[in-house]
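The values are calculated or read from the model by the stated rules, or taken from the named source; none is laboratory data. What you are looking at is a predicted structure, and each value in this text was computed from that prediction instead of being measured. Note: ideal-geometry Cβ built from the backbone for every residue, glycine included; neighbour counts use all protein chains shown. SASA here: full protein model, heavy atoms, side chains in, ligands and nucleic acids out. Shrake-Rupley method; radii C 1.70, N 1.55, O 1.52, S 1.80 Å.
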Amino acid sequence: MTLIESARDMQGQAQAWRRAGRRIALVPTMGALHDGHLSLVRIARAEADITVVSLFVNPTQFGPAEDFAAYPRDSDGDRRLCEAAGVDALYHPAAAAMYAEDFSTWVNEESLSRDLCGASRPGHFRGVTTVVAKLFNAVGPDVAVFGQKDAQQALVIERMVRDLDYPVRVIVAPTVREADGLAMSSRNRRLSAEARQQAPALYRGLCRAREAFENGERRAAALEAVVAAELRAAGARLDYVTVVSRRTLRRGETVVAPALVAAAAFLGDVRLIDNLFLD
Ligand code: AMP
């Protein structure tokens, strides 16, 4: 596995692969890798000849009061996992190399990124779209693999790819969960023992809402109340819960499939997100 630390080196290596007729798949990550990330790597390997994993805790997608400093980091462990998973190159740029001191050019998606996490985390998606654009420009992938766990992010990236004509096929992979249903997340490493016990309430609440939907409930507010009640009972603090169209991410009082129930909650001081399809 090759370790690459600058955009210029990444572009040179990718160009050599393309000249040799190789197709490249990219899996963007912020590291502290888990089985959810590794499931994306398996898809990438099946879809292309070369798999690149990027590892970059992107400062511009964190708000000033958020957990950038506390975000879990384990670059040695990540390197070992990538090597064992058959990754061809690990692109691990330094923050100073990604963002010049006078960096002033941003990519901004202005519709899908407005609500849900966009409302709770102002500026978050501007950081995401900008860094993903930079990663696409460095790697030039044929395919990029993202996770459904970050449903809004996946939709925003698909929109960016369409709107800016990136020649990249975006694949969105299913959410990988722990045995008790908790969606795998790097942030799970930061949960206290108590918060880890409370955390499955997020998935449980979403499942109860999906059951209610399958039993005919179509009022968005009623479905949202089911998730809120489950989190409250577990002692977790709700950030948001919403039922939205899966195409537009807009909320209507009456739910029309294909829809998405999405929630964010604080377990102790750790903010986790999750979502399920309503079909
Ligand atoms: P992150 O490192 O958290 O920024 O995530 C990198 C990529 O892995 C994103 O596309 C995520 O949606 C995806 N991902 C994170 N957790 C999971 C999971 N539990 N299952 C599937 N994909 C995931």
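Screening PRO167 with (1) crowded, with 18+ Cβ neighbours inside 10 Å; (2) more than 15 Å from the ligand (Cβ to nearest atom); (3) under 30 Å from SER104 (Cα atoms) gives one miss only, at (1). In this structure, ARG159 does not satisfy being more than 30 Å from MET98 (Cα to Cα) and out of contact with any strand residue (DSSP E or B) (no Cβ under 9 Å at 6 or more places or on another chain). Checking each residue in segment 92-135 for being open to solvent by less than 10 Å² (accessible area, probe 1.4 Å) and among the charged types (D, E, K, R) picks out no residue at all. Looking only at segment 26-45, residues that are open to solvent by 30 Å² or more (accessible area, probe 1.4 Å), β-branched (Val, Ile, Thr) and within 8 Å of the ligand (Cβ to nearest atom) come to 0 in all. Annotation: CYS82 fulfils all but one of (1) under 29 Å from ARG121 (Cβ atoms); (2) away from the ligand (no atom under 13 Å from the Cβ); the unmet one is (2). For segment 46-76, taking the residues that are among the small types (Gly, Ala, Ser) and either in a loop (DSSP other than H, G, I, E, B) or open to solvent by less than 70 Å² (accessible area, probe 1.4 Å) (or both), the one that is modelled with the lowest pLDDT is identified as ALA65. Of the residues making up segment 93-137, those that are touching a helix residue (DSSP H, G or I) at 6+ places or on another chain (Cβ under 6 Å) and under 20 Å from ASN275 (Cα atoms) number 8. Confirm whether ARG247 is open to solvent by 30 Å² or more (accessible area, probe 1.4 Å), assigned to a helix (DSSP H, G or I) and out of contact with any Cys (no Cβ under 6 Å at 6 or more places or on another chain). Answer is no for this residue. The sole residue among ASP180, ASP150 that is open to solvent by 20 Å² or more (accessible area, probe 1.4 Å) and part of a loop (DSSP other than H, G, I, E, B) is ASP180. Close contacts from segment 227-252, counting a first residue that is of a type in the set (Asp, Glu) and a second that is assigned to a helix (DSSP H, G or I) and surrounded by fewer than 15 Cβ atoms within 10 Å (Cβ to Cβ), with Cβ to Cβ under 7 Å and a gap of 6+ residues or different chains, come to ASP239/SER120. Within segment 1-17, restricting attention to residues that are farther than 22 Å from VAL41 by Cβ and without any contact (Cβ under 8 Å) to a residue 24 or more places away in the chain, the residue that is most open to solvent (accessible area, probe 1.4 Å) is ARG8. Within segment 225-239, does at least one residue satisfy the condition of being closer than 23 Å to ASN188 by Cα, among the basic types (Lys, Arg) and open to solvent by 50 Å² or more (accessible area, probe 1.4 Å)? Taking every residue of segment 225-239 in turn, at least one turns out to be closer than 23 Å to ASN188 by Cα, among the basic types (Lys, Arg) and open to solvent by 50 Å² or more (accessible area, probe 1.4 Å). Take the conditions (1) of a type outside the set (Phe, Trp, Tyr); (2) under 22 Å from ALA46 (Cα atoms); (3) more than 13 Å from the ligand (Cβ to nearest atom); (4) open to solvent by less than 10 Å² (accessible area, probe 1.4 Å); VAL161 misses just one of them, which is (4). Within segment 170-186, being more than 10 Å from the ligand (Cβ to nearest atom) and touching a Phe, Trp or Tyr at 6+ places or on another chain (Cβ under 6 Å) holds for one residue alone: GLY181. Of the residues making up segment 268-276, at least one is at pLDDT 95 or above, within 22 Å of GLU109 (Cβ to Cβ) and surrounded by fewer than 20 Cβ atoms within 10 Å (Cβ to Cβ).
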